[in-house]
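The values are calculated or read from the model by the stated rules, or taken from the named source; none is laboratory data. All values reported here derive from a predicted model rather than from experimental measurement. Here Cβ is always computed from backbone atoms with ideal geometry, including for glycine, and neighbour counts include all displayed protein chains.
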Amino acid sequence: MKTTPIVLASLIVIMAVSCKNKPSESENASAEPEAIATEATADLAANTDKTSNGVSSSAASAQNDGNRKVIRTAAIKFRAKDVPKSTYAIENAVTQFGGFVSYTNLQSTILSRSESKISQDSTAEITKYLVENNITIRVPNNRLDTVIKTIARQIDFLDSRVITADDVALKMLTNELAQNRGQEHQKRLEKGIDNKGRKLTEVVDAENELLNKKEQNDNSIIDNLSMQDKVKFSTLSLQLYQRETVKSELIANPVDINSYRPNIGLQIIDSLKTGWFMFEAVLAFIVQLWFLIVLGVLGFLLYRKYNKNKGVVHHS
């Protein structure tokens, strides 16, 4: 019974220490995604640093802040071991990192094709072709370097790599200031048109000037929106190709109709049959004309009789 207070005190101390060292659920929830992302980025960097082939760049990993608005673009041309497989891997990776493919053109170009007959019923077809693909990718600007490192896994030989990072903060500010000036001028023009006199030409000129100012203001807005989109999503252009591929295929030869011709004996028998059938047809046709034959015979007999009677009369 005397040891009970000591045990209770020990349990209280242990619970207090545990509660102090254990983070709250909200802290775990907020820290877990960051930890996972950091771990994934570290693993990706460890796996791709050895195979990056020099495609990574500080221009691709620079971050925007409140004072800078950086538009990043990248263009990479490289040879892959298998263009279709690399294309699917790149498209899947881009989707996982929150990007999208805006253009892809996977195609095979036939360089040559030849055929060699190897037997009576088969031919070997040999085709040489080149597979290539042009891809345009849009990815979040803070993921461009990660995507480039991921793509580096597909590189067998790097031809070229161009990365640009343009700060357009001043240009965007210029457009905003131009928008403000245009809006103020537009308001003054509208007010002036409303208070204008009755001269139609002056009203028309003011309306035309107002229309031009509105168009300039709209162009500035659209230009800023376009730059904001480019700042938010970087553009990555890829040109993939692979070594010349040779494909051999056995194809069946078309059936030669002459191989089905009968031998000379059968042809002679068929010819005799055909001749007999023709004779039967001619005979049947002649029989069909029996009335003409009868008329001809009667006419001939009458003619002879007439000539005979005429000869008797002449002698007498």
Legend entry - Selection within the range 116-152 - closer than 19 Å to Thr245 by Cα and either surrounded by 12 or more Cβ atoms within 10 Å (Cβ to Cβ) or in contact (Cβ under 8 Å) with a residue 40 or more places away in the chain (or both): Ala124, Glu125, Ile126, Thr127, Lys128, Tyr129, Leu130, Val131, Glu132, Asn133, Asn134
Legend entry - Residues being part of a helix (DSSP H, G or I) and surrounded by 10 or more Cβ atoms within 10 Å (Cβ to Cβ) - total across the range 241-271: 6
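Listed here are the residues, each with its yes/no results for (1) among the polar types (S, T, N, Q); (2) over 27 Å from Asp166 (Cα atoms); (3) at pLDDT below 85.
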residue	(1), (2), (3)
Glu202	no, yes, yes
Glu207	no, yes, yes
Lys213	no, yes, yes
Ser234	yes, no, no
Tyr241	no, yes, no
Asn263	yes, yes, yes
Inset, instruction - Spot the failing condition for Ile286; the list is (1) outside the structural domain of Leu111 (by TED's automatic domain parsing); (2) at pLDDT 85 or above, and only one is missed. - result: (2)
Legend entry - Residue in the range 148-163 that is assigned to a strand (DSSP E or B), modelled with pLDDT of 90 or more and over 19 Å from Ala74 (Cα atoms) present: no
Inset, instruction - With the checklist (1) touching a residue at least 24 places away in the same chain (Cβ under 8 Å); (2) over 30 Å from Pro254 (Cα atoms) in hand, flag the one item Leu170 doesn't pass. - result: (1)
Inset, instruction - Return a yes/no flag: does the range 54-69 have any residue that is of a type in the set (Val, Ile, Thr), modelled with pLDDT of 55 or more and surrounded by 11 or more Cβ atoms within 10 Å (Cβ to Cβ). - result: no
Inset, instruction - Pairs only if they're at least six apart or on different chains, beta carbon under 7 angstrom, first in the range 223-235 and among the charged types (D, E, K, R), second assigned to a helix (DSSP H, G or I) and crowded, with 18+ Cβ neighbours inside 10 Å; list them, first residue then second. - result: Asp223/Asn175; Lys232/Asn141
Inset, instruction - Answer yes or no as to whether Val297 is loosely packed, with under 10 Cβ neighbours inside 10 Å and either among the acidic types (Asp, Glu) or modelled with pLDDT under 85 (or both). - result: no
